[in-house]
Amino acid sequence: SNPGGLTQYGIAAVIIAPGAVINRNGVSQDRSVANGDDPFDYTDGDDTDKDTDPGIDLAANYLDLVAGTEDNASFINSTTNGFILGPVPNLTNDQFIVITAAEVIEMAEKATLQAYQTAINDYLAQTGNVYPWLYNYAVPASEAISSYYPVDSVWATELANNLNPGNVGRVPTIFGDYFTEAGSPPFETKLGGSLSLDGLSTVGGFPFLDGPALDYQTANKLTGVSFTDIADVVGKDGRLTGTMTTPETFTYEVYFWEYDHDEPYMGGWSVCGDDGDDIPEVTDCNRNGLLMPTPGVANDRRLDIIRLTISFTLSGVVNFDMDYTNPPVISPPVAATGTSHASITGTYADVISRPSLTATWERYEHYHEGESVFVTSGAGTSNGTWTAAEMDNFNNGPLSLELCYYPELPDWVFDNEWHDSVMMAYASDYRPDVNGAAGDCVTNPPCLQINGLGGINNDKVSILVIAGEHGWVDGDTSPAVAPDGFFTNDVGDVFNLEDSNLDTIFDFRTVEDTAAPGDTLRDKILVIE
């Protein structure tokens, strides 16, 4: 029984083992091969591995009938038809054991805590021993945890609305694999990438010898990101798609130089480079008498200069066609801080196509000695716009996706709703925003205290608590139901006594419930560190 769905009673399974052959109300049990088809003998004309005559497989040939009414071979769950445990002389020698619902939950709880411990330990190792930010219990469990925080422009707003600024809460996580092309749920990410110009591009009839790498990084997120299989498209096997709700435009100016048109042709345009200030400008093209760049010094040579302006916009639905033959390179996570979560970046090398570009060029034929200004009109100047075909001369460089990095738990933790009845706590001195402090619970005392665990009870750095009655609530006949149908908005309906007030003191499951003497609390606690 499970009265009110609140408590774990009842039997989950019965495992039965028959004894030796006896008479069932005067009829001897027959377990011989001759009594029906041998399921492993295909010479008898039966080419299946199941009997057409159930004789040998009949449950009554193994399990006993007691007093003509209680039949262990009848698997019916009712108050009038149960199982009789033997031995009862001349009636039954059947043996059985039962597995209770509470025992099943006990095993599942151990597996759940082990999964959390593995995930937290891995997170600590990957982020330089920084604990994750914890999700606020006041937020409904059905509210999806964003893969990229903060969703607000002001971190304090995000912290106040969604994240526990203390040290107790729900462990946020992204379930499933990161950066997978198949089966990935929609997520949010910031994009980064690069473009480069190959040597076959031409302007003014002359080829470009070199092209710079133009790097970009979005300030806003691409939302609803997913991977789509497009294997039927030649040369492509996947598409990364998402929506850029806040458009971003990236514009680059790049200068190239060549000999002045009155001097011998050198064979192509070379990128001017940079004098160290990361600002594209015509003075980056300065050359001395030996054609060597001379940053900060006036130009000594008559040169031709081309200014190439490249622009592209990410807006609305954005698609990147990819070749996933080579898996992404995953960078080490960036540790959490007082203003951000830990993040992890995956970089894809094989990008086939990206949003369209526009490019215009301006040529100045007489960049004279001593000049520092790019002339845009008059004698010796020309300009134009590259065609769509010429845009293909831009190579797609690597594309990177940045995700918020959380302890990654198995899917079954979420599928079975264990995350609704698990919370984590760590001492104040170990919060992400004070990471690097003394870490001895002296700067921000105290360490966590656990009653009933044994040993020293007030020196625990971090713990995980799991509700002892997962899927139910602790005896509350009128639990507060959250908008999502679960009970996790009211931690008092999930955890017992000291475990439900989100302070630094907890009760291990062997502690007696002072409100109900004789009743042992059921919350399990795992000490992580």
Q.
Less than 12 Å Cβ to Cβ from P333, Lys/Arg counted +1 and Asp/Glu -1: what total charge do the surrounding residues give?
A. -3
Q) Which residues does a label at T180 reach in region 388-423, if reach means a backbone N under 20 Å from a point 7 Å past the Cα toward the Cβ? A) 401-419
Q. Extension gain D459-A108, at 0.36 nm per residue separation less the Cα-Cα distance, in nm?
A. 123.6 nm
Q.
Assuming 0.36 nm per residue, please report the length gained on full extension of the stretch D323 to D415 beyond their Cα-Cα distance.
A. 30.0 nm
Q. Can you list the equivalent-ellipsoid semi-axes of region 332-459, largest first and in whole Å, using the square root of 5 times each Cα gyration tensor eigenvalue?
A. 60, 24, 10
**Q.** Spin-label pair S32/T69, simplified geometry with 7 Å Cα→Cβ offset, distance in nm
**A.** 3.5 nm
Q | Extension gain, M292 back to N383 (0.36 nm per residue minus Cα-Cα distance, nm) | A | 30.1 nm
Q) Using the Karplus equation 6.51 cos²θ - 1.76 cosθ + 1.60 (θ = phi - 60°), what ³J(HN,Hα) coupling, rounded to whole Hz, does each residue of region 398-406 give in order, writing x for Gly and Pro? A) x, 10, 10, 10, 9, 10, 5, 9, 10
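No value in this document is a laboratory result; all are computed from the given coordinates. Computed from a prediction, not measured in an experiment: that's the story for all the values here. We place every Cβ from the backbone using ideal geometry, glycine too, and count neighbours over all the protein chains shown.
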